[in-house]
Amino acid sequence: MVLSENLILFVQNYGYVAVVLFMFLESSFFPFPSEVVIPPAAYMAYKGFLDLNLVILCGILGSLLGAIFNYYIGFYLGRPFLEKYGKYLFISEKSLKKVEYFFNKHGSISTFVGRLLPGIRQYISLPAGLAKMNIFAFSFYTALGAGIWVCVLAFVGYTVGYKENLIREKLNEILIYVILFVFFVVGIYCVLKIKRSKR
C-alpha cells in the first residue's frame with residue numbers, strides 16, 4: 001500500500017516523465033504493474049492536472065522503449081545468456097519457454113496480441129529478439145498492442161478514479177473481452193495464413 005501511495009506521489013510530482021519511466025520498467029524485465037501507473041495518471045487528467053492524450057502517448061512510448069530494450073537483449077545476447085542470467089533479470093526459464101512457445105506458434109502477430117495478455121506482455125519481446133524479427137514490424141505491432149492496453153487502463157482510471165478495488169474489478173471484467181478479442185485476432189490471422197498458403 002505504501003509503495004502504491006509513493007508511486008502515485010511520484011506520478012503527481014513528475015507527470016509525463018514518470019509515466020514514461022514506469023511504463024518502460026513495466027514493459028521491460030522488471031515485474032512492475034502498469035495498473036498502478038496509467039489509472040492514477042488518467043485520473044489526474046480527469047481532474048485537469050494532466051492531458052489524457054499525452055498520458056496515453058507517454059504510456060505507449062514507455063511501453064515501446066521497454067519492449068525494444070528487451071528485444072535487443074534477446075537479439076544480441078541470445079538464449080544462453082537468458083538461461084544463465086535470466087533469474088537476475090526476473091526472467092524464469094519457465095516464463096521464457098512459455099513466451100517462446102507462444103511466439104513460435106503464432107508468429108509475428110504474437111507481438112501484438114502478447115501485449116494484451118497478463119504474464120506474457122512483459123516478456124514477448126525476448127523471443128522476438130531471439131528470432132531477429134524485423135525491428136520496424138516489431139515496433140509497429142508492439143505500439144499497437146500496448147496502445148490498446150494503455151487506452152483500457154486510461155479509460156478505467158478516468159472513469160472510476162484511483163480506487164484499487166474498483167480498478168481491479170473493472171480490469172477483470174474488461175480482461176475477458178480483451179482475451180476474446182485476442183482469440184478473434186489470432187483466428188482471423190490463422191485463416192488468412194491458411195488461405196495464403198493454399199495459393
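What are the ³J(HN,Hα) couplings of the range 172-189, residue after residue, when phi is run through the Karplus curve with 6.51, -1.76, 1.60 and θ = phi - 60°? Round to Hz, x for glycine and proline. For the range 172-189, the Karplus curve yields 4, 5, 5, 4, 4, 5, 5, 5, 4, 4, 4, 4, 5, 5, 5, x, 4, 4 Hz.
With contributions of -39500 (n - 2.57) from each DSSP H run of at least four residues, the per-residue ellipticity at 222 nm computed over the chain stands at -27000 deg cm²/dmol. Pairs exceeding a 31 Å alpha-carbon distance, out of Lys132/Lys195; Lys84/Lys132; Lys84/Lys170; Lys47/Lys98: Lys84/Lys170; Lys47/Lys98. Sites listed here are trypsin sites (Lys or Arg not before Pro) in the range 116-177 whose DSSP assignment is loop and whose Cβ has at most 13 other Cβ atoms within 10 Å: Lys132, Lys163. Under the criterion of Cα pairs below 8 Å and six or more residues apart, the relative contact order for the chain equals 25 percent.
For the range 23-141, relative contact order (Cα pairs under 8 Å, six or more residues apart, normalised by length) works out to 31 percent. Once the Cα atoms of helix 2-27 and of the chain are each reduced to a long axis, what angle between those two axes, in degrees from 0 to 90 to the nearest 10, is obtained? Helix 2-27 sits at roughly 30 degrees to that axis. Taking θ as phi - 60° and the Karplus parameters 6.51, -1.76 and 1.60, the scalar couplings of the range 48-58 work out to x, 7, 10, 9, 4, 4, 6, 4, 5, 4, 5 Hz in sequence order, x denoting glycine and proline. Between the Cα long axis of helix 93-106 and the first principal axis of the chain there is an angle of about 70°, rounded to the nearest 10.
No lab work stands behind these numbers, since they all come straight from the coordinates. As the structure is a prediction and not an experimental result, all values here were calculated from the model. Cβ: placed from backbone, ideal geometry, glycine included. Neighbour counts: every protein chain shown.
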